[in-house]
Amino acid sequence: MSTATITAADINKLRQTTGAGMMDCRKALTETNGDFEAAIDWLRKQGQKVAAKRSDREAKEGVVIALTAPGNQTGWVVCISCETDFVSKNADFVGFARQIAEAAAANDVKSAEELNEVVINGAKVADMINDKLAAIGEKIGVSRFERVDAPYVASYIHGANRMGVLVGLSAAAEEAGKDVAMQIAAMNPLAVDADSVSAETIERERAIVVETMKSDPKMAGKPDEMIAKIAEGKLNAFFKEQTLLAQPFVKDGSITVADYLKKAGTDLKVTTFKRVALG
């Protein structure tokens, strides 16, 4: 993509995603020939702090419902999206979203596609959504669907149905499940622990750290071995900030989430989590 084909919409999208300035976003897209992902990395390599780019930021407005099946071994997060908060705050629309989420649980649904085929009171969910769309005049749909299966699943809804969290635990622990779900809602971790972070993400972070350090005048002339060692230290800081178990526990900053879990149960472990948020 040439500079001439980079549109105002492209620039605005990058600005909305990263929080960087308009001119910086234009330059980033120009330098990377319009490659959106590369433009984000380019901004970071210039030392800019960009907003976390997570899939849970896709839906702008809507209702997020998180719930579990009886026995708490399966949980679902369903987001029914819409275009305006006027609709999302409407009690009838919230009830509509909850009805669909409850149907997911009642029918043991495993995907958004399967959910659209579920029948509620004689009508498919997909048809109900089309009817609702015609009635309110806004584009709506099942924009996010997540499922967690574990020995124990805790669910949490935050901020008037604007965020839903599921936490899979290795054993039943109601209080710990709620506390960890609140942690995830507040701190938005990338993964459970360092071992859960993909190799691709680690290499991407390492490349950005090294490139940023090499462009720092204070590091001029430093041997690659020293830069690599410092980079590993910065990666460890990244893991501490971005992985759940290494984060300071929000209810007691003197301990980590891993420490809290040890107190809650000797063998208690987080197996997985899902976080879906509007915004």
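Miscellaneous remarks
- Mean residue ellipticity, 222 nm, helices only, the chain: the sum of -39500 (n - 2.57) across DSSP H runs of n ≥ 4, divided by residue count and rounded to 500, is -14000 deg cm²/dmol.
- Taken as Cα centroids, region 8-26 and region 120-188 sit 30 Å apart, rounded to the nearest whole angstrom.
- Between Met23 and Ala228, the FRET efficiency from the beta-carbon distance, with R0 = 25 Å, is close to 0.15.
- Annotation: extensible slack from Lys251 through Asn90 equals 54.7 nm (criterion: 0.36 nm per residue apart, minus Cα-Cα distance).
- Radius ratio Rg over Rh of the chain, counting only Cα atoms, Kirkwood formula for Rh: 1.03
- Summarising the strand pairing of region 137-271, around 90 percent of its internal DSSP beta bridges are antiparallel.
- Within the accessible area of region 151-244 (1.4 Å probe), percent carbon and sulfur: 54 percent
- Annotation: extensible slack from Ala172 through Asn130 equals 11.2 nm (criterion: 0.36 nm per residue apart, minus Cα-Cα distance).
- Note that region 234-279 presents 54 Å² accessible area per residue, ligands and nucleic acids not counted, probe 1.4 Å.
- Applying 0.36 nm per residue to the separation of Ala194 and Thr272 and subtracting their alpha-carbon distance, the gain on full extension is 26.8 nm.
- Each peptide in 80-88, 160-168, 67-75 receives the mean, over its residues, of other Cβ atoms within 10 Å, and ordering these scores from highest gives 160-168, 80-88, 67-75.
- Entry comment: accessible area of region 3-155 is 51 Å² per residue, from protein heavy atoms only and a probe of 1.4 Å.
- Normalising the average separation of contacting C-alpha pairs (under 8 angstrom, six or more residues apart) by the number of residues puts the relative contact order of region 87-157 at 22 percent.
- Between 0 and 90°, nearest 10: helix 224-242 axis offset from the chain longest Cα axis: 20 degrees
- Of the beta bridges in the chain, as assigned by DSSP with both residues counted there, near 95 percent are antiparallel.
- Contact order for the chain, expressed relative to its length and based on alpha carbon pairs under 8 Å spaced 6+ residues apart, stands at 20 percent.
- Cα-based helix-to-principal-axis angle, 22-31 vs the chain, degrees rounded to 10: 70 degrees
- About the Cα centre, charge dipole magnitude for the chain (Lys/Arg +1, Asp/Glu -1 at Cβ), debye: 780 debye
- Scaled to the globular estimate 2.2 N^0.38 Å, the Cα spread of region 192-242, given as radius of gyration, is 1.20.
- Between 0 and 90°, nearest 10: helix 91-106 axis offset from the chain longest Cα axis: 90 degrees
- Compared with the rule-of-thumb size 2.2 N^0.38 Å for a compact globular protein, region 185-279 has a Cα radius of gyration ratio of 1.32.
- Percentage relative contact order, region 1-46, counting C-alpha pairs under 8 Å, at least six apart: 39 percent
The values are calculated or read from the model by the stated rules, or taken from the named source; none is laboratory data. This is a predicted model, so every value here is computed, not measured. When we count neighbours, we look across all protein chains shown, and the Cβ atoms used for this are built from the backbone with ideal geometry, even at glycine. Side chains are part of the model used for accessible areas, which takes the heavy atoms of the whole protein and leaves out ligands, DNA and RNA. Shrake-Rupley method; radii C 1.70, N 1.55, O 1.52, S 1.80 Å.
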